[in-house]
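The values are calculated or read from the model by the stated rules, or taken from the named source; none is laboratory data. These numbers come from a predicted model, not from an experiment. Note: ideal-geometry Cβ built from the backbone for every residue, glycine included; neighbour counts use all protein chains shown. Quick note on the areas: whole protein, heavy atoms, side chains included, nothing else; ligands and nucleic acids left out. Shrake-Rupley method; radii C 1.70, N 1.55, O 1.52, S 1.80 Å.
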Amino acid sequence: GAGVSQTPSNKVTEKGKYVELRCDPISGHTALYWYRQSLGQGPEFLIYFQGTGAADDSGLPNDRFFAVRPEGSVSTLKIQRTERGDSAVYLCASSLIGTSGTGELFFGEGSRLTVL
Amino acid sequence: RKEVEQDPGPFNVPEGATVAFNCTYSNSASQSFFWYRQDCRKEPKLLMSVYSSGNEDGRFTAQLNRASQYISLLIRDSKLSDSATYLCAVNSLRNQGGKLIFGQGTELSVKP
């Protein structure tokens, strides 16, 4: 597909479990972002990758959250020992850096995480 | 204080009305500014970039006021289909990506 793909679209888990969320960005986009969005709020920045490296992970709330992008394409957001407060929609976005310079982010449809 | 702030609304307006939203940002070094639109339970999509000289796209006009550190979005002749949440976003690094910080979003409801 041409857009950003995220899986799963919905995930229900129990408190204390481990969760992985996957993002497949638009082909050729070097930058990849993870955001978290709660009801009634704007997207909250978590982490940003430029290629394989995390250029800015200042938004990760604590050490239970970790993200990787080993080959500079697909990324996985990992959440350990989930808590009810982690329930949110996790949005992934990608952008093409260095050409248009508009900074436009293309978002996936999100992964809705519910921690019971 | 949040880095990017918006009035959450909701703004309830009749069809045909003109409505304006403001968004303030705290980082004076910010270089790039955007308005995104988000429909209910959907992902955000870019509505328009905001340029220093101001820019217009059909019924939509965006402006930047660096001195007061705010951006605005004006919608003329509102349509029912304009009902959505409008998110402002601010990026600190010009032409290099970097993290985009979003405001809370302003909810607009256009009524017949």
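Three principal axis extents describe the C-alpha atoms of the protein assembly as shown; from largest down they are 49, 38, 38 Å.
May I ask you to give the percent of accessible area on chain A that is carbon plus sulfur, with a probe radius of 1.4 Å? Carbon with sulfur: 48 percent of the solvent-accessible area. Interface of B with A. Using a 1.4 Å probe and counting protein heavy atoms only, the two chains hide about 1700 Å² of accessible surface, both sides summed.
Any of A:Lys11/B:Lys2; A:Lys15/B:Lys42; A:Lys11/A:Lys78; A:Lys17/B:Lys42 with alpha carbons more than 23 Å apart? Name them for me. Can you show the working numbers first?
Values: A:Lys11/B:Lys2 30 Å; A:Lys15/B:Lys42 26 Å; A:Lys11/A:Lys78 13 Å; A:Lys17/B:Lys42 27 Å.
Cα-Cα > 23 Å for A:Lys11/B:Lys2; A:Lys15/B:Lys42; A:Lys17/B:Lys42; rest within.
On a per residue basis, chain B carries 49 Å² of accessible surface, using protein heavy atoms and a 1.4 Å probe. Rolling a 1.4 Å probe across the protein heavy atoms gives the stretch A:54-115 an accessible surface of 45 Å² per residue. Each Cα pair under 8 Å and six or more residues apart adds its separation to the average, and for chain B the resulting relative contact order is 38 percent. Applying a 4.7 Å cutoff between beta carbons, the unpaired cysteines of chain B are B:Cys40.
Across chain A, the relative contact order, built from alpha-carbon pairs under 8 Å that are at least six residues apart, equals 36 percent. For chain A, the alpha-carbon radius of gyration amounts to 1.01 times the rule-of-thumb value 2.2 N^0.38 Å expected for a compact globular protein.
Taken over the alpha carbons of the stretch B:24-112 as equal point scatterers, the Debye sum produces base-10 log I(q)/I(0) values at 0.10, 0.16, 0.18, 0.25 Å⁻¹ of -0.25, -0.64, -0.79, -1.37. Interface burial in the stretch B:1-26 reaches 10 Å² or more for B:Lys2, comparing the full protein assembly with the chain by itself; accessible area from heavy atoms with a 1.4 Å probe.
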